Amino acid sequence: MKNADDILLSYLNSETSYQSCDLYVLKLANGAIYRFAAYDNDIVLGGERYYHNPFKFKRDQIKLQGAPNVDSLGVTIYAEPQDKLGDKAFMKAVHDGSLDGSMLGLYRAYFDDNGCVGALHLFFGRCEVSSAGGLTVKLTVKSELQGLAAMVPTRVFVGQSSYVNNGGTVVASSTEQSNMLIPLKPSMNVLLQV
């Protein structure tokens with residue numbers, strides 16, 4: 001389910017056809033934020049300007065997974081030699097690692113005759129450069145929840161007690177009267193005292 005403000009909800013419920021475009025927010029690891037619009041003109045939304053002319057974007061469908069897997073989005077960026085990311089040519093910046101650790105947000109903006117009505121947040125994730133060459137950069141944007149997709153067993157318990165080194169072998173402390181077993185993957189399990 002996507003959240004939208006009342007103005008956008010009213011617009012979406014009352015109109016039969018929409019004019020819309022994709023908005024991209026690229027946040028680099030160094031904190032720099034760049035905003036782009038896949039549209040013919042710059043767009044102002046929430047006091048921020050989304051620029052239409054530095055790069056051209058093409059995206060795939062968002063791949064949503066129901067199993068323990070990472071939702072992802074494929075984005076292709078087409079850049080001219082004069083296009084820059086900060087003070088570097090875009091392709092040089094990509095090859096120098098400027099996109100390493102960056103995050104990309106995708107929004108869908110809607111318009112009426114007076115301008116931009118609002119935007120829906122569609123996707124946000126960490127960028128991985130799949131390929132870069134010529135005038136094209138292909139990104140795989142993986143959901144910000146990608147760490148939750150790690151396959152960890154659910155019913156594995158690890159003993160927590162004092163350990164000592166006994167002649168090169170690590171053994172449980174002989175002075176400890178009880179051990180605590182805790183789940184390797186925290187959940188609503190009960191701790192057992194043995």
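The values are calculated or read from the model by the stated rules, or taken from the named source; none is laboratory data. Treat the numbers as computed from the prediction; the structure is a model and nothing was measured. As a convention, Cβ positions derive from the backbone with ideal geometry for all residues, glycine included, and neighbour counts pool all protein chains shown. We work out accessible area using only protein heavy atoms, side chains counted, and drop any ligands, DNA or RNA first. Shrake-Rupley method; radii C 1.70, N 1.55, O 1.52, S 1.80 Å.
Quick rundown of the values:
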| item | result |
| --- | --- |
| Packing-based order for 41-54, 108-121, 7-20, using average beta carbon neighbours within 10 Å, highest first | 108-121, 41-54, 7-20 |
| Phi to ³J(HN,Hα) by Karplus 6.51 cos²θ - 1.76 cosθ + 1.60 over the range 128-140, Hz, x for Gly, Pro | 10, 6, 7, 7, 8, x, x, 10, 10, 10, 9, 10, 10 |
| Cα gyration tensor category, rounded, prolate or oblate, for the range 67-118 with a/c compared to 1.5 | oblate |
| Hz values of 3J(HN,Hα) by residue in the range 114-125 - Karplus curve (6.51, -1.76, 1.60), Gly and Pro given as x | 8, x, 6, 7, x, 9, 9, 7, 9, 7, 8, x |
| Exposure of D40 as accessible area (Å², to 10), given a probe of 1.4 Å and all protein chains | 120 |
| Mean Cβ neighbour count within 10 Å, used as a protection proxy, ranking 94-100, 28-34, 123-129 highest first | 123-129, 94-100, 28-34 |
| Overall form of the range 9-113 per C-alpha gyration tensor (a/c, 1.5; a/b vs b/c) | oblate |
| FRET efficiency, 1/(1 + (r/R0)^6) with R0 22 Å, evaluated for H52 and D96 via beta carbons | 0.30 |
| Other-chain or far-sequence residues with amide H under 5 Å of D83's (modelled H) | F90 |
| Calculated from backbone phi, Karplus (6.51, -1.76, 1.60) coupling profile of the range 92-100 in Hz, x at Gly/Pro | 5, 4, 5, 5, 7, x, 5, 8, 4 |
| 5 angstrom amide H check on L122, placed H, neighbours 5+ away | L106, Y107, R108 |
